[in-house]
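A short write-up of the structure that comes next.
No value in this document is a laboratory result; all are computed from the given coordinates. Just so you know, these numbers come straight off a predicted model, no measurement behind them. FYI the Cβ positions are ideal-geometry reconstructions off the backbone, even for glycines, and counts take in every protein chain you see.
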Amino acid sequence: MGRSLAYKIMEEHRVAGELSPGREVALRIDQTLTQDASGTTAYLQFETLGIPRVRTELSVSYVDHNLLQTGFESADDHRFLQSFAARYGIYFSRPGNGICHQVHLERFARPGRTLLGSDSHTPTAGGMGMLAFGAGGLDVAVAMGGGPYYLTTPRVLGVHLTGKLPPWVSAKDVILEMLRRLSVKGGVGYIVEYFGDGVRSLDIPSRATIANMGAELGATTSIFPSDEETLRYLRAQGREDVWVPLAADPDATYDEVIEIDLGHLEPLIACPSSPDNVVPVREVAGTPVAQVCIGSCTNSSYLDLMKVAGMLRGRTVHPRVSMTLSPGSRQVYTMIARNGALADLIAAGVRILEAGCGPCVGMGQAPPTKGVSVRTFNRNFPGRSGTPGDLVYLCSPETAVATAIKGVITDPRELGEPIQVSLPERFEPVDNMIIPPANDPSQVEIIRGPNIKPIPLPDPLPDTLAGEVLLKVGDNISTDHISPAGANVLPLRSNLPALSEHTFTRVDPTFPRRAREKGGGFIIGGQNYGQGSAREHAALAPRYLGVKAVIARSFARIHHANLVNFGVLPLVFTDDADYDRLQQGDRLVIPDVRAALQRGDTFVIRDTTQGMSVQVRCQLTSRQVRIVLAGGLLNFIRSQAPTA
């Protein structure tokens, strides 16, 4: 029986465990990446490991999130990150060099290698045949120290692509079709692997767009084969020496298969306020729009921006629309500046932002009150844009530009003949803003500003957990709900005491105060709790406020791992009806927690307010049980270290 490409790469990198769906496996990690909103804590945690130099083939620290410097905090973080990278053997991509996933695809991604990144969209590199996972910063820190990455072996969902995309339909419409079919939790527990004749018609930036938004499916990662198209892209980047051909076995079997005929797709759009609220553009055409934003790690490649410039050449953005564009990398920015495309964009009235994440993470360009914002981004969770009650739609660059021209949501097929753009024979390598690590690390002083605070180590798990239900939330609660991004919060990611004051404030502004007054407690969640970003702060900050356990109907993969890493017990209802029975404000007691964890039993939770009991289970491996008992992964690693 033939193997999938994903399983081939996992087998080559397996160092422990069993490569069988549902069983824990440990993989060797070749490369890591961090971005500045998660990197500070990842590196503070790496420092506690006491390892003098990273042990990966390559580790890169990117600055792409906190570029809007309204105070000293972000600037201080950048200096810390640069000095830390120099000291510990990490390449440093300077502010303005671009979005981590776009730059990594251009300059570092390699077919057949493994990549672990402290950002949920790390699977972007799967567009090049790389097995790339998003994870919490602590997992990345361990990988930088030479430790394996542990995960539950996923099933593989094969997506059989046939045909060729019609005019005005692009890769963004492919992944929106996947979201329309599967929902934001339909990929949980799966690697999504694309195969078939239709793959050959997709260039690498298109494949990267599709792999990028596999994160919105909840998938563990997404991957494409490495073929002649991969070689063409790498040759254009001057990196053809790293190319290897990779594909699934001809008789590969998949746990499930989806068929997509690319030729039958049409322009799609995700309506507010979830990436899976997808409809054909024609169904919402005519909706007045106040803002259009082009960019993000999903759609900011050279080909994307050349399409945008070509569509706008000789036109002007509608007077009702504010339109912005964020180049994905300095390579992209430089090339469109030199070939005249940037001048076309400026002449059309587009506001050009820095090469970085920008509006996608709420760093500027918040839309107006009750004003529709159409974006080429990957997420439209409520309030993520920075405006409460926002109305954010997600679509392809083609649809976004047609909308900017007309002032209302517009099917791009109304514009006539499409713009034809092809991959250049040669990209312009601009690596002078990627700084290699110091040759002599002993000469490097790590610069720590006042916003850099140490990560406190939690206590081991006690025998009994008791407290109040501090908050009860519904399905699909995202990490944006738990620990928001945005201009007023992102600069605090290296300052846990300050950051914790924003925990759940988009759901209940009183949460931080109540959590402190009550001495911590419990969170009740619905399905897919913790979807979205890989930010470990959504586990760190509640833990800092005393949250002892989260009881949910189901968890998103990365957030579940982050809770374990910081000693917060993730519990799942055995009976969904019990979710309805437990109420915010109830007093809960979980006796004999340590013993129950070690037995692997279901737990009995006593609700002393209502005088009833409910059963829950803890879906942890034996290794994860030991981590939770220790109070988190750092405590566990320290306990395993040999004593002098």
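In nm², what is the average projected area of the convex hull enclosing the Cα atoms of the stretch 23-75?
The directionally averaged projection comes out at 5.3 nm².
Starting from the Kirkwood Rh over alpha-carbon pairs, what translational D in µm² s⁻¹ does the stretch 5-264 have by Stokes-Einstein at 25 °C and 0.890 mPa s? Each step should come with its number before you reach the end.
Numbers: Rh = 18.6 Å.
Taking Rh from Cα pairs, D becomes 132 µm²/s.
Sort 357-369, 502-514, 255-267 by the packing proxy (mean of other Cβ within 10 Å over each peptide's residues), most packed first.
357-369, 502-514, 255-267
Can you give me the relative contact order of the chain as a percent, contacts being Cα pairs under 8 Å and 6 or more apart?
Averaging sequence separation for qualifying contacts and normalising by length gives 14 percent for the chain.
In the chain, how many lysine pairs have Cα atoms under 29 Å apart, counting only pairs 8 or more places apart or on different chains?
For the chain, the number of qualifying lysine pairs is 22.
Express as a percent, rounded to the nearest 5, the fraction of DSSP beta bridges in the chain (both residues included) that run antiparallel. The partial results should precede the final answer.
Numbers: 31 of 90 bridges.
Of those bridges, close to 35 percent are antiparallel.
Within a Cβ distance under 11 Å of residue 612, other residues only, what is the Lys/Arg minus Asp/Glu net charge?
On the way: positive: 581, 606; negative: 578, 586, 607.
Local net charge: -1.
How large is the helix-only mean residue ellipticity at 222 nm for the chain, computed as the sum of -39500 (n - 2.57) over DSSP H runs with n ≥ 4, divided by its residue count, in deg cm²/dmol to the nearest 500?
-8000 deg cm²/dmol
Just rank 139, 36, 344, fewest to most, by other beta-carbon atoms within 10 angstrom.
Going from sparsest to densest Cβ surroundings: 344, 36, 139.
Defining a contact as two alpha carbons under 8 Å apart and six or more residues distant in sequence, what relative contact order in percent does the stretch 268-413 show?
This gives 36 percent for the stretch 268-413.
Percent of Cα-Cα pairs per 10 Å bin, from 0 to the last occupied bin, for the stretch 1-96, please list those.
Result returned by the calculation: 14, 36, 25, 18, 7, 0.
Normalising by the residue count of the stretch 5-264, find the relative contact order in percent from Cα pairs under 8 Å and 6+ residues apart. Spell out each step's value before the answer.
Numbers: 587 pairs, mean separation 58.9, N = 260.
Over the stretch 5-264, the number comes to 23 percent.
Which residues does the label zone of residue 439 cover in the stretch 85-112, counting backbone N under 18 Å from a point 7 Å along Cα→Cβ?
The answer is 86-92, whose backbone nitrogens lie closer than 18 Å to the label point.
Fewest Cβ neighbours within 10 Å first, please rank 246, 588 accordingly. Walk me through the intermediate numbers first.
Details: 246 19, 588 23.
Placing the least packed residue first, the sequence is 246, 588.
Give me the angle, in degrees from 0 to 90, between the Cα long axis of helix 72-88 and the longest principal axis of the Cα atoms of the chain, rounded to the nearest 10.
80
Would you please classify the overall shape of the stretch 120-187 from the alpha carbon gyration tensor, given that a ≥ b ≥ c denote the square roots of the eigenvalues, rounded means a/c under 1.5, and beyond that prolate means a/b larger than b/c while oblate covers the rest?
Working: a/c = 2.57, a/b = 2.17, b/c = 1.18.
Since a/c reaches 1.5 and a/b is larger than b/c, the shape of the stretch 120-187 is classed as prolate.
Under the classification rounded if a/c is under 1.5, otherwise prolate if a/b is larger than b/c and oblate if not, where does the stretch 339-437 fall, given a ≥ b ≥ c as square roots of the Cα gyration tensor eigenvalues?
Working: a/c = 2.15, a/b = 1.18, b/c = 1.82.
Oblate.
Please compute the Cα-Cα pair-distance distribution of the stretch 465-638 with 5 Å bins starting at 0, giving whole percents from short to long.
For the stretch 465-638, the binned pair fractions read 2, 9, 18, 23, 22, 16, 7, 3, 0, 0 percent.
Given R₀ = 41 Å, FRET efficiency for residue 447-residue 200 by Cβ-Cβ distance, to 0.05?
0.25
Can you tell me the 0 to 90 degree angle between the C-alpha axis of helix 36-48 and the longest principal axis of the chain, rounded to 10?
40
Could you give me D for the chain, from Stokes-Einstein at 10 °C and 1.306 mPa s, where the hydrodynamic radius is the Kirkwood radius over C-alpha pairs? Units µm² s⁻¹, please.
Translational D for this selection: 64 µm²/s.
Could you give the Stokes-Einstein D for the stretch 430-527 in µm² per second, using the C-alpha Kirkwood radius, 4 °C, 1.567 mPa s?
77
Once the mean 1/r over all distinct Cα pairs of the stretch 268-413 is inverted, what Kirkwood radius in angstroms do you read off? Please report the intermediate quantities before stating the final value.
Numbers: mean 1/r = 0.0681 Å⁻¹.
The Cα-based Kirkwood calculation yields 14.7 Å.
Net charge near residue 23, counting Lys/Arg +1 and Asp/Glu -1 over other residues with Cβ under 13 Å of its Cβ?
Taking every other residue near residue 23 into account, the sum is +1.
What is the stretch 126-282 by shape, rounded, prolate or oblate, if you read a ≥ b ≥ c off the alpha carbon gyration tensor as root eigenvalues and call it rounded for a/c under 1.5, prolate for a/b larger than b/c, and oblate otherwise?
Judged from the Cα gyration tensor, the stretch 126-282 comes out oblate (a/c at least 1.5, b/c at or above a/b).
Would you list 370, 172 from fewest to most Cβ contacts within 10 Å?
370, 172
Considering only the other residues whose Cβ falls under 13 Å of the Cβ of residue 281, what net charge follows from Lys and Arg at +1 and Asp and Glu at -1?
After counting each charged neighbour, the total is -2.
How tilted is helix 302-312 with respect to the longest principal axis of the chain? Cα atoms for both, answer in degrees (0 to 90, nearest 10).
For helix 302-312, the angle is close to 50 degrees.
What Kirkwood radius, in Å to one decimal, follows from the Cα pairs of the stretch 175-264?
That comes to 14.1 Å for the stretch 175-264.
At a 10 angstrom cut-off on C-beta neighbours, averaged per residue, how do the peptides 484-496, 71-83 rank from highest to lowest? Don't skip to the answer; put the middle values down first.
On the way: 484-496: 22.9, 71-83: 20.2.
Ranking the peptides 484-496, 71-83 by packing returns 484-496, 71-83.
For the stretch 260-272, take each phi angle, set θ = phi - 60°, evaluate the Karplus expression 6.51 cos²θ - 1.76 cosθ + 1.60, and give the result in whole Hz per residue in order, putting x for glycine and proline.
Result, rounded to whole Hz: 10, 8, 4, x, 9, 7, 9, x, 10, 8, 8, 7, x.
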